[in-house]
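**Student:** Below: one structure in structure tokens.
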Amino acid sequence: MRAATASTVAVMTTGLARRTVLAAGRPAPHGPKLPGVRKSPLSTDETPTPWDDVTSYNNFYEFAGSDNKDLPSELAPANLVTKPWNVVVEGACKRTGTYSLERVLDGQTLEERIYRHRCVEGWSMVIPWVGLPLADFIARCQPTANARYIAFDSHYDRTRMPRSRRLPFDWPYTEGLRMDEAMHPLTILAVGLYGETLPHQNGAPIRLVVPWKYGFKSIKSIVRLSFLENQPVGTYQQQEPPSYGFYANVNPAVDHPLWSQATERRIGDFFRRDTSLFNGYGNHVASLYAGMDLMKDY
Ligand SMILES: Nc1nc2c(c(=O)[nH]1)N[C@H]1C(S)=C(S)[C@@H](COP(=O)(O)O)O[C@H]1N2
Ligand SMILES: [Mo]
């Protein structure tokens, strides 16, 4: 009984500490609505995490280092310059070159995709992204038969991201997907949130969202996209000791070396909930991994 009381107090204290942390960031101001956004049957009907939490509790290591959730919302707005913005397309495709953001979005209908987001650290949110299927943009790049993977680089400016130097990363932040994962209908390039332009702290002006994988695969502020024959190595995957695999599919059975992934805390909830395989998107994506051993290829 005494033990139960102590752990209840511990849970409450953690909850309060988290609330303090959430209140400390700077939620993004609201802007105009993006025009012509279409709803999608791929959205979850779960309640979205409030705007203020989605825009003030962030991971953006370039600005904040690895453990500070408040600083991205304080530092990214002034230090991430999003206009003009170009994305360089290179490698195994016919239409290599520099694409302005306007060109990426030209003639493209934007869709709202309300997705679960599960961070490898054990917290989760429900986020109403606005974006376009990555498959649509890939089709315009015309990848060749040699394109088996796609790699993404984030924008990096060490003078405007001084805290990044505290981390032993090989900047820029980089991530990769297998081509069939990249072409999957759930995979999007997000340019908005809650029907508005994407706030800087959330990876403006264009970021990846892959909802069945841990959040770190969803790379922010993309400036380069490379079609590759060989599997690229992501920023997290480069860590020593190697704790993260290439796939990083959400999997409650594969523990992080330092913590279990069996449960998660949905931001705003008091109690933890069970984590689902593929973050609950297994009916859409399990077939991509048929024949693979998910305990080994994680
Ligand atoms: N460039 C870049 N992209 C990144 C990160 C980062 O630090 N730098 N963090 C990742 C992690 S760990 C998570 S959980 C999500 C967080 O996205 P959000 O702040 O929009 O919720 O972004 C991912 N993309
Ligand atoms: Mo994350």
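**Student:** At a Förster radius of 22 Å, what calculated FRET efficiency corresponds to the Cβ-Cβ distance of Asp170 and Ser66, to the nearest 0.05?
**Tutor:** Numbers: r = 15 Å, r/R0 = 0.67.
Calculated transfer efficiency: 0.90.
**Student:** In square nanometres, what is one fourth of the surface area of the convex hull spanned by the alpha carbons of segment 100-242?
**Tutor:** Details: hull surface 36.4 nm².
Value for segment 100-242: 9.1 nm².
**Student:** Something else about it: Name the residues whose placed amide hydrogens come within less than 5 Å of the amide hydrogen of His256, ignoring near sequence neighbours (fewer than 5 apart) on the same chain.
**Tutor:** Under 5 Å from the amide H of His256: Gln261.
**Student:** OK, next. Who wins for biggest fluctuation among Ser100, Ser56, Ser124 in a Gaussian network model of the chain, springs between alpha carbons below 10 Å?
**Tutor:** Ser100
**Student:** Got the relative contact order for the chain handy, in percent, Cα pairs under 8 Å and 6 or more residues apart?
**Tutor:** 19
**Student:** For Thr98 and Phe270, what is the calculated FRET efficiency with R₀ set at 41 Å and r taken between the beta-carbons, to the nearest 0.05? Walk me through the numbers on the way to the answer.
**Tutor:** Values: r = 48 Å, r/R0 = 1.17.
Plugging the Cβ-Cβ distance into 1/(1 + (r/R0)^6) gives 0.30.
**Student:** For a quick size check, give me the Cα extents of segment 161-298 along its three principal axes, largest first, whole Å.
**Tutor:** 41, 35, 34
**Student:** Here's something else I'd like to know. What span do the alpha-carbon atoms of segment 14-161 cover on each of the three principal axes, reported in whole Å from largest to smallest?
**Tutor:** Dimensions of segment 14-161 along the principal axes of its Cα atoms: 53, 41, 32 Å.
**Student:** So, with +1 on the Cβ of K and R and -1 on the Cβ of D and E, and no other charges, what is the size of the charge dipole of segment 2-289 about its Cα centre, to the nearest 20 debye? Don't jump to the answer; show the numbers that get you there.
**Tutor:** Working: 32 positive and 28 negative charges, 50 e Å.
So the magnitude is around 240 debye.
**Student:** Then there is this: Given the options Val285, Val87, Val54, which has the most mean-square fluctuation in a GNM of the chain, springs set between C-alpha atoms less than 10 angstrom apart?
**Tutor:** So, out of Val285, Val87, Val54, the one fluctuating most is Val285.
**Student:** As a test, work out the antiparallel percent of DSSP beta bridges whose residues both lie in the chain, rounded to the nearest 5.
**Tutor:** On the way: 39 of 46 bridges.
Roughly 85 percent of the DSSP beta bridges within the chain come out antiparallel.
**Student:** Tabulate in residue order the Karplus-calculated ³J(HN,Hα) for segment 195-200, using 6.51 cos²θ - 1.76 cosθ + 1.60 with θ = phi - 60°, rounded to whole Hz; enter x for Gly and Pro.
**Tutor:** The phi angles translate into x, 10, 4, 4, x, 3 Hz.
**Student:** Given a 1.4 Å probe and every protein chain left where it sits, what share in percent of the accessible area of segment 217-298 is carbon and sulfur?
**Tutor:** Solvent-exposed carbon and sulfur of segment 217-298 make up 53 percent of the total.
**Student:** With springs connecting C-alpha atoms under 10 Å apart, model the chain as a Gaussian network and identify which of Glu102, Glu90, Glu181 has the largest mean-square fluctuation.
**Tutor:** Largest GNM mean-square fluctuation: Glu102.
**Student:** Sticking with this structure for a sec: Just to check, using Stokes-Einstein with a Kirkwood Rh over alpha carbon pairs, what's the diffusion coefficient of segment 190-268 at 4 °C and 1.567 mPa s in µm²/s?
**Tutor:** On the way: Rh = 14.7 Å.
Translational D for this selection: 88 µm²/s.
**Student:** Given the -39500 (n - 2.57) contribution per DSSP H run of 4+ residues, what per-residue ellipticity at 222 nm results for the chain, rounded to the nearest 500 deg cm²/dmol?
**Tutor:** Details: 8 runs with 61 residues, N = 298.
Mean residue ellipticity, 222 nm, calculated: -5500 deg cm²/dmol.
**Student:** With every protein chain present, what accessible area does Arg38 have (1.4 Å probe, heavy atoms only), rounded to the nearest 10 Å²?
**Tutor:** Looks like 120 Å² after rounding.
**Student:** Could you work out the local net charge near Val37, counting Lys and Arg as +1, Asp and Glu as -1, over the other residues with Cβ closer than 13 Å to its Cβ?
**Tutor:** On the way: positive: Lys33, Arg38, Lys39, Arg113; negative: Glu111, Glu112, Glu196.
So the environment of Val37 carries a net charge of +1.
**Student:** In angstroms, what radius of gyration and Dmax does the chain have, counting Cα atoms only?
**Tutor:** Expressed in Å, the Cα Rg and Dmax of the chain come to 18.9, 68.
The values are calculated or read from the model by the stated rules, or taken from the named source; none is laboratory data. None of these values were measured; they are calculated from a predicted model. In this analysis, Cβ positions are derived from the backbone assuming ideal geometry, glycine residues included, and neighbour counts consider all displayed protein chains. These area figures cover heavy atoms from the full protein model, side chains too; ligands, DNA and RNA do not enter into them. Shrake-Rupley method; radii C 1.70, N 1.55, O 1.52, S 1.80 Å.
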